[in-house]
Each structure stands twice: as structure tokens, then as C-alpha cells.
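Undergrad: Okay, here's the structure, questions in a sec.
The values are calculated or read from the model by the stated rules, or taken from the named source; none is laboratory data. Computed from a prediction, not measured in an experiment: that's the story for all the values here. No Cβ is skipped: glycine too gets one built from the backbone with ideal geometry, and neighbour counts run over all protein chains shown.
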Amino acid sequence: MKKYRFEYFASCPSGLEDLLAKELNDLGAKLTVPVRGGVQFESFHEVALKAVLMSRLASRIFKFLYQFEVLNENDYYLQATDIKWKSLMDVTHTFRLTTIFGDLPFAREEFRNSQFANLKLKDAVVDYFRHHEGERPSVEKDFPDVSFLARIDRGTEKPYLATIMYDLCGDPLNQRGYRVSNTEAPVKENVAAGILKLVNWNPETEDLLDGMCGSGTFVIEAALMAGSIAPSYLKVEKHLNNPEYKPWTFLNYPWLTKDEHLLENFKIILKEITTSTQSGLEKLKSQKSRIWGNDLSEMNLYSAKENVRKAKLDQVIELTQVDARVINPNKNKTLFICNPPYGERLEYGEDEKLKSLYKGLGDHWKHNFKGHRAAIFTGNLEMLKVVGLKTTKRHILFNGDIECRLAEYSLY
Ligand SMILES: C[S@@+](CC[C@H](N)C(=O)[O-])C[C@H]1O[C@@H](n2cnc3c(N)ncnc32)[C@H](O)[C@@H]1O
């Protein structure tokens, strides 16, 4: 059985892998290799902690633990009972296991499906503890103390290869901790951050306007980036005020709790985040470029206001309620970003309404946004055709399961 020490995997929405590799390099990771849906990397443990607390683009960070070759489900169970689980968790911890299969084909008599394989792994953990400690830990799906990911791929000598990882996060990292209410179709926070990076938005030189801001995801991510505020700032503050609140599962792992040096470094990272949040929020109050969200719907704007307030950015982000097709820019260069309705439920007449919305935006930008930039993020590829403007760049990226396009326009 192979035991890992410094190998990690960061998952992210497809389309953001290269940007995530760069972000991880900037945090100090080595040997970053982008693959579909994430980045493998090697790093000191401190850097992995920084990635959990500071990455704007990652969905989760996993620490590789063990890898072994397996023949079939029963062999998976048997070999997994050889893992020293008590060095990874306490019997009093609740735990969650997820087994996923790699892309290559599986023989059905060897592995029925990933749920069944996962049951075998759970049995191995439970039987291990019963045998060694006389009692078993409980499974908890939603808020576990400890979370593992196992991945089974094709092997070389034996047919399959199982890799066991710690999920260092628990909840996905895109949950920043401010979202008090949901609008219909919010963009994921890490997708929004990735889009701002893909379009090279520079807060020093350009205002940001989200003309259809919904719950305010883009404007909040933009403000955090402009103030260099770590996306975990709200969770860090809550954890420091109440150490019983544990927003990341790594806080329960012997990997951290038994390593005094790492614990010291963790405290230093928390301090750094607290200090840079304070200075970032101050800096934002006096910053020249505007961060402005707008939406036509009173209800969605209400969500945006609540989210902005909870994110402590109400003195930084302006919110207005008008039709996006009548907004005009200030003198400053402006990036008009928007994520218009996609029309997931194509009710009668909705297609025509959407067409007139997308065309209206294009016409409005043509006449009133000369010298500025615009970008549309949408899951409705047909609608991009009716905008009627030449795109300067297009990117494919996923918001959850939906394949979306980001179209950029330079307006002359
Ligand atoms: C897909 S949602 C945007 C979600 C947003 N990106 C978020 O993360 O919450 C589309 C938004 O466009 C708004 N909208 C639709 N037509 C509009 C118009 N003509 N002017 C301004 N906003 C409009 C809707 O109210 C809705 O909030």
C-alpha cells in the first residue's frame, strides 16, 4: 500500500483549471498539474491550509492518503481494513465516505456500482474500529466531523487502483458564509470569481457593473478581490469568536491536531486573514472605482442587499433597481458584466422575451457603452447569437452541471 505525504488535489468548476493552477502556485504549491475538473499539486501542509482558506476558485481541497491495487469489491473491503483508520479519525467522530469511479470501463462482476463499493469501504472502517476499539463511529452525511473521498480507477497489474483521500473542507469552499437567501439561479461564487479573472477585470482601472446582479454574487466576489480579502473571512471570524464552530473538517484531523508546528502555522494564517480583512475593508471604502449591482426584480435585489450586508460590504457596493437596458456608464471605464436569465423553463412566449432581452442589451451597449467592455455569462448558447455584437473572446465553463459560455465584447 502506498502512503502519501505531500500530495493534494484541488477540485474546481471545469474551465477554471489553468487559473486555479496559477492561484495555487501563487500560494506556494509545487508541481501543479491541471487535469479536467481540478489541479493535482504537491505542497507543504501549510500551503494546503492556505489553499482551503484563500483559494477563490477551488471547490474543495483533498489530501491524498493511501493508494492500493484491488481486484474487486471484496478485495476493496479486505485491503481497506488494513488501513490504520484510528490514525485518521477518532471513534467518537462522525464520518462521511464517498467513493467515485474513474472514467474507464468497469467489469460489472468485479464492481457493481460506486454506491455498493462505498458500502464495502464503510464496512471496512466500522469493522476496523469494532475490532481495535470495541465500538464503531457513526456515519453522518450532511455535517460530518471527518470526510473521505475514495476514487477507483483502472490499475496496471491488478485491474483496479483505489485512492483514499481526506476532504479537508466539509462544506464546498464556494460557500463563503454570507448567503442569507437564494434567488432563482445564482452563479456559484467560485465561478463568479473565475469569470472576473478570465475577463481580466482590474479594480484599479475599471468600474464593475453587474446589470442583472440577482443575489449579488459577482459584485461581492469583485469587492473581495479588490480588497484582497480572503474568501473565508466570515468563517474565520466566526471560528475565532467561537472555536466550537468548525467550518472546515480538517480541524478534526490528527493530521492537524497532532502536528504542533502545523497548528502554529494555522494560527498565523488565521491572524493574517483577520488583519488583511480589516485593512481590505478600509481600503475598499476609499477606492476610486465603483462596484455596482443592479436588478429589475425587487425580490432579487432584496436578497442582494441582505447578502451584501452580511458580507460587510454595504459601504462598498452600490445597488440599484432599473432595467439593465437603460443604465449608462460614468466617465470611468466600465466593465458591464451580466448573467441574464437562461430560460431553463421555456414556457410559452419566454423564448421571444429572452430574445428581446439579449438583443436589447446588445443594442444598448452598441449605442451607450462605446469605449467600455461587456461580458455575458449564460447557459443559453442560442441567445448569444441575438446579441448582435462581435465577441472578442469566448470561454466554456460549467456552473454546476450546466455547460455555459462567457462571451466578452470590446465596444467601439
Ligand atoms: C440568472 S439571474 C442572475 C443571477 C446572479 N448572477 C446571481 O448570482 O445571483 C438573472 C437576473 O436577471 C434579472 N433581470 C431579468 N431581466 C432584467 C432586466 N431587464 N433588467 C435588469 N435585471 C433583469 C432577474 O431579476 C434575475 O435576478
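Undergrad: Read through the list (1) part of a strand (DSSP E or B); (2) within 17 Å of the chain's Cα centre (by Cα), then give the number of the only condition that Met225 fails.
TA: That leaves (1) as the condition not met.
Undergrad: List the number of the failed condition for Arg56; all other conditions in (1) touching a residue at least 24 places away in the same chain (Cβ under 8 Å); (2) charged (D, E, K, R); (3) surrounded by fewer than 19 Cβ atoms within 10 Å (Cβ to Cβ); (4) assigned to a loop (DSSP other than H, G, I, E, B) hold.
TA: (3)
Undergrad: Find the residue count for segment 99-150, including only residues that are of a type in the set (Phe, Trp, Tyr) and at pLDDT below 95.
TA: 5
Undergrad: Hey, can you tell me all the residues within segment 172-199 that are under 20 Å from Lys312 (Cβ atoms), of a type in the set (D, E, K, R), in a loop (DSSP other than H, G, I, E, B) and within 13 Å of the chain's Cα centre (by Cα)?
TA: Hit for segment 172-199 is Arg176, nothing else.
Undergrad: Taking segment 207-236 as the region of interest, how many residues are out of contact with any helix residue (DSSP H, G or I) (no Cβ under 8 Å at 6 or more places or on another chain) and among the polar types (S, T, N, Q)?
TA: 0
Undergrad: Only one of these conditions is not met by Trp365: (1) within 11 Å of the ligand (Cβ to nearest atom); (2) assigned to a helix (DSSP H, G or I); (3) more than 24 Å from Asn399 (Cα to Cα). Which number is it?
TA: Against the list (1) within 11 Å of the ligand (Cβ to nearest atom); (2) assigned to a helix (DSSP H, G or I); (3) more than 24 Å from Asn399 (Cα to Cα), Trp365 comes up short only on (1).
Undergrad: Please list, ordered by first then second residue, the pairs with beta carbon atoms under 7 Å, 6 or more apart or interchain, first in segment 275-295 and under 16 Å from Met225 (Cβ atoms) and part of a helix (DSSP H, G or I), second among the charged types (D, E, K, R) and modelled with pLDDT of 95 or more.
TA: Hits for this filter: Leu281/Lys312.
Undergrad: Of everything in segment 270-286 that's surrounded by 15 or more Cβ atoms within 10 Å (Cβ to Cβ) and under 21 Å from Leu196 (Cβ atoms), which residue is nearest to the ligand (Cβ to nearest atom)?
TA: Filtering segment 270-286 for residues that are surrounded by 15 or more Cβ atoms within 10 Å (Cβ to Cβ) and under 21 Å from Leu196 (Cβ atoms), the one nearest to the ligand (Cβ to nearest atom) comes out as Leu284.
Undergrad: Do you know which of the residues in segment 155-193 that are touching a Gly at 6+ places or on another chain (Cβ under 7 Å) and touching a residue at least 40 places away in the same chain (Cβ under 8 Å) is nearest to the ligand (Cβ to nearest atom)?
TA: Per the criteria, the residue is Thr183.
Undergrad: Provide a single number: the residues in segment 321-346 that are under 27 Å from Gln175 (Cβ atoms) and not hydrophobic (A, V, I, L, M, F, W, C).
TA: Qualifying residue count, segment 321-346: 8.
Undergrad: Which of the following residues is assigned to a helix (DSSP H, G or I) and not assigned by TED's automatic domain parsing to the domain that holds Asn339: Glu244, Glu264?
TA: Matching residue, one of Glu244, Glu264: Glu264.
Undergrad: Please determine, by comparing only the residues of segment 213-227 that are touching a strand residue (DSSP E or B) at 6+ places or on another chain (Cβ under 6 Å) and closer than 22 Å to Thr378 by Cβ, which one is farthest from the ligand (Cβ to nearest atom).
TA: Filtering first and then ranking leaves Ala222.
Undergrad: Oh, and also: Would you confirm whether any residue within segment 342-357 is within 23 Å of the chain's Cα centre (by Cα), within 14 Å of the ligand (Cβ to nearest atom), closer than 18 Å to Val219 by Cβ and touching a residue at least 60 places away in the same chain (Cβ under 8 Å)?
TA: no
Undergrad: Looking only at segment 287-299, which residues are surrounded by fewer than 17 Cβ atoms within 10 Å (Cβ to Cβ), more than 15 Å from Leu357 (Cβ to Cβ) and within 14 Å of the ligand (Cβ to nearest atom)?
TA: Once the filter is applied, which keeps residues that are surrounded by fewer than 17 Cβ atoms within 10 Å (Cβ to Cβ), more than 15 Å from Leu357 (Cβ to Cβ) and within 14 Å of the ligand (Cβ to nearest atom), segment 287-299 yields Glu298, Met299.
Undergrad: Looking at segment 158-186, which of its residues are in contact with a strand residue (DSSP E or B) (Cβ under 7 Å, 6 or more places away or on another chain), surrounded by fewer than 20 Cβ atoms within 10 Å (Cβ to Cβ) and modelled with pLDDT under 95?
TA: If the condition is that a residue be in contact with a strand residue (DSSP E or B) (Cβ under 7 Å, 6 or more places away or on another chain), surrounded by fewer than 20 Cβ atoms within 10 Å (Cβ to Cβ) and modelled with pLDDT under 95, then Lys158, Leu161 are the ones that fit.
Undergrad: When you check Tyr302 against the structure, is it among the aromatic types (Phe, Trp, Tyr), within 12 Å of the ligand (Cβ to nearest atom) and in a loop (DSSP other than H, G, I, E, B), yes or no?
TA: no
Yes/no matrix, rows are residues, columns are (1) assigned to a helix (DSSP H, G or I); (2) over 29 Å from the mean Cα position of the chain (by Cα):
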position: Leu65; (1), (2): no, no
position: Tyr77; (1), (2): yes, yes
position: Asp82; (1), (2): no, yes
position: Met89; (1), (2): no, no
position: His93; (1), (2): no, no
position: Leu97; (1), (2): no, no
position: Asp103; (1), (2): no, no
position: Glu109; (1), (2): no, yes
position: Ala117; (1), (2): yes, no
